[in-house]
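The values are calculated or read from the model by the stated rules, or taken from the named source; none is laboratory data. Quantities reported herein were computed from a predicted structural model and do not represent experimental measurements. Reconstructed Cβ throughout: ideal geometry from the backbone, glycine too, with neighbour counts over all protein chains shown. Just so you know, the surface numbers come from the protein's heavy atoms only, side chains and all, with ligands and any DNA or RNA stripped out. Shrake-Rupley method; radii C 1.70, N 1.55, O 1.52, S 1.80 Å.
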Amino acid sequence: MAGGGVWVFRNNGVMELEEQATSRKALVHVATSEVIRSTEALERRLGALGWERYYEDRSTLQLHRRDGSADLISIPRDFSRFRSTHMYDVVVKNRDHFKVVDLHT
């Protein structure tokens, strides 16, 4: 496993991996080499690939494919809470369109 961190139980009962501060990753749109820096930019890119809003509340946005597949992507509305687990979920469901890269600081 690349990077490291600590598993933390959130108030909503969901367990997430808190990454170490030294591990900085970014989601990149392959065709344009755009580093995704906001929820709006990600939703725009996913929309072009056939994804649309399915559910939203104050903290979470869910997208599903218009073609009726069972795939869902859940992302935090607050992009500062967007973690590598969210990035890899996007990549797995859109293999040739996104990738996760390490940012060198």
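If a residue has to be closer than 17 Å to LEU61 by Cα and either among the aliphatic types (A, V, I, L, M) or not in a helix (DSSP H, G or I) (or both) to count, how many in segment 92-105 make the cut?
Applying the first criterion (closer than 17 Å to LEU61 by Cα) to segment 92-105 yields 93.
Next cut, either among the aliphatic types (A, V, I, L, M) or not in a helix (DSSP H, G or I) (or both) only: none.
Selection size over segment 92-105: 0.
Hey, among the residues in segment 30-67 that are charged (D, E, K, R) and assigned to a loop (DSSP other than H, G, I, E, B), which one's least open to solvent (accessible area, probe 1.4 Å)? Ranking the qualifying residues of segment 30-67, first place goes to ASP57.
Pull up segment 20-29, narrow it to residues that are surrounded by 12 or more Cβ atoms within 10 Å (Cβ to Cβ) and not in a strand (DSSP E or B), then point me to the one that is modelled with the highest pLDDT.
Filtering segment 20-29 down to residues surrounded by 12 or more Cβ atoms within 10 Å (Cβ to Cβ) leaves 23-29.
Within this subset, residues satisfying the condition of being not in a strand (DSSP E or B) are 23-24.
Numbers: SER23: 62, ARG24: 86.
Per the stated criteria, the residue is ARG24.
Only one of these is open to solvent by less than 60 Å² (accessible area, probe 1.4 Å) and either of a type outside the set (Val, Ile, Thr) or out of contact with any helix residue (DSSP H, G or I) (no Cβ under 8 Å at 6 or more places or on another chain) (or both): ASP89, ASP102, ASP78. Name it. None of the others qualify; the one that does is ASP89.
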